[in-house]
């Protein structure tokens with residue numbers, strides 16, 4: 001394993017993370033490529049967390065646009081780009097598809113609230129669906145419906161993350177639940193940021209959790225049978241998020257002050273059993 005590959009493995013899937021266990025299910029011949037892709041996704045997505053000045057964050061994302069162009073021209077400079085470079089030609093991943101990762105990160109920098117479900121869906125599509133399409137190309141497929149079905153599954157995973165991370169996101173100023181739904185359940189953004197566990201908040205969480213669960217279940221079932229073995233890592237990631245939603249519900253949605261997670265052994269068991 002060279003330095004770039006080792007960097008990507010640690011960056012994309014540190015031990016204990018959901019991706020750590022999900023990517024164990026990736027086709028062995030594609031696993032290094034998967035680590036590289038997810039490391040690139042992570043590097044771009046975390047700009048908003050590492051850089052707090054919007055103009056600096058925008059400049060950093062502009063750098064990533066240039067780096068992606070260099071990657072696709074065969075001249076990468078970043079460790080994640082270097083690790084991904086050898087795999088691009090054989091997977092059909094192109095510059096336009098990779099640039100959508102930056103589009104998703106820009107949306108996260110520019111927007112901290114989402115007015116309605118269509119706006120949230122667009123966020124989840126850019127930040128979950130588009131990376132899942134890239135992963136589907138890396139893993140390989142026979143059915144032409146696999147990439148769009150993978151996109152739907154990635155979008156559902158991103159929606160589940162808005163539920164799982166609601167407390168941590170709120171502490172950083174982000175409320176992903178649609179504004180019109182907050183109003184419908186009589187929950188203010190300030191109440192979430194202050195960690196208030198009202199009856200209204202728990203009703204809101206029950207609604208958000210059930211919607212994410214239904215989308216995950218439907219998208220998981222819809223992935224074409226012929227490609228499920230090759231797409232097992234993506235399916236495992238979905239199953240891990242389904243189990244996490246169950247755990248959050250079991251906690252009575254007390255997630256604003258603590259991080260709820262699955263045990264490492266349970267994660268391994270869920271990923272291994274995924275079909």
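The values are calculated or read from the model by the stated rules, or taken from the named source; none is laboratory data. If you're wondering where the values come from, they're calculated on a predicted model, not measured in any experiment. Methodologically, a virtual Cβ is constructed for each residue, glycine included, from the backbone with ideal geometry; neighbour enumeration extends over all protein chains shown.
Residues of segment 11-27 that are assigned to a helix (DSSP H, G or I) and closer than 19 Å to residue 130 by Cα: 12, 18, 19, 22, 23.
Residues of segment 94-102 include none that is under 30 Å from residue 168 (Cα atoms), without any contact (Cβ under 8 Å) to a residue 12 or more places away in the chain and surrounded by fewer than 17 Cβ atoms within 10 Å (Cβ to Cβ).
One line per residue, one yes/no per condition, for (1) under 15 Å from the mean Cα position of the chain (by Cα); (2) surrounded by 13 or more Cβ atoms within 10 Å (Cβ to Cβ):
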position: 4; (1), (2): no, yes
position: 12; (1), (2): yes, yes
position: 18; (1), (2): yes, yes
position: 26; (1), (2): no, yes
position: 31; (1), (2): no, yes
position: 50; (1), (2): no, no
position: 54; (1), (2): no, no
position: 60; (1), (2): no, yes
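Residues in segment 28-54 that are without any contact (Cβ under 8 Å) to a residue 40 or more places away in the chain and in a helix (DSSP H, G or I): 28, 29, 31, 42, 43, 50. Filtered by the rule that a residue be touching a helix residue (DSSP H, G or I) at 6+ places or on another chain (Cβ under 6 Å), assigned to a helix (DSSP H, G or I) and surrounded by fewer than 17 Cβ atoms within 10 Å (Cβ to Cβ), segment 190-238 gives a lone residue, 222. Annotation for segment 132-144: no member residue is in a helix (DSSP H, G or I), without any contact (Cβ under 8 Å) to a residue 24 or more places away in the chain and farther than 19 Å from residue 214 by Cβ. On inspection, residue 67 does not qualify as assigned to a helix (DSSP H, G or I) and either in contact with a strand residue (DSSP E or B) (Cβ under 9 Å, 6 or more places away or on another chain) or at pLDDT below 95 (or both). For residue 266, the conditions (1) surrounded by fewer than 20 Cβ atoms within 10 Å (Cβ to Cβ); (2) assigned to a loop (DSSP other than H, G, I, E, B) are fulfilled apart from (2).
How many of the residues in segment 55-84 are in contact (Cβ under 8 Å) with a residue 24 or more places away in the chain and touching a helix residue (DSSP H, G or I) at 6+ places or on another chain (Cβ under 6 Å)?
Qualifying residue count, segment 55-84: 14.
Within segment 168-186, can you find the residues that are closer than 17 Å to residue 253 by Cβ, surrounded by fewer than 19 Cβ atoms within 10 Å (Cβ to Cβ) and in contact (Cβ under 8 Å) with a residue 40 or more places away in the chain? Correct list: 168, 181. Sub-6 Å Cβ pairs linking a first residue in segment 188-214 that is free of Cβ contacts under 8 Å to residues at least 24 places away in the same chain to a second residue that is part of a helix (DSSP H, G or I), at least 6 apart or interchain, are 193/170, ordered by first then second residue. Among the residues of segment 239-261, the ones that are part of a loop (DSSP other than H, G, I, E, B) and surrounded by fewer than 19 Cβ atoms within 10 Å (Cβ to Cβ) come to 8 in all.
Across segment 145-158, a minimum of one residue is classified as closer than 24 Å to residue 60 by Cβ and surrounded by 17 or more Cβ atoms within 10 Å (Cβ to Cβ). Out of the residues in segment 85-124 that are touching a helix residue (DSSP H, G or I) at 6+ places or on another chain (Cβ under 8 Å) and not in a helix (DSSP H, G or I), which is farthest from residue 177 (Cα to Cα)? Once the filter is applied, the top-ranked residue is 92.
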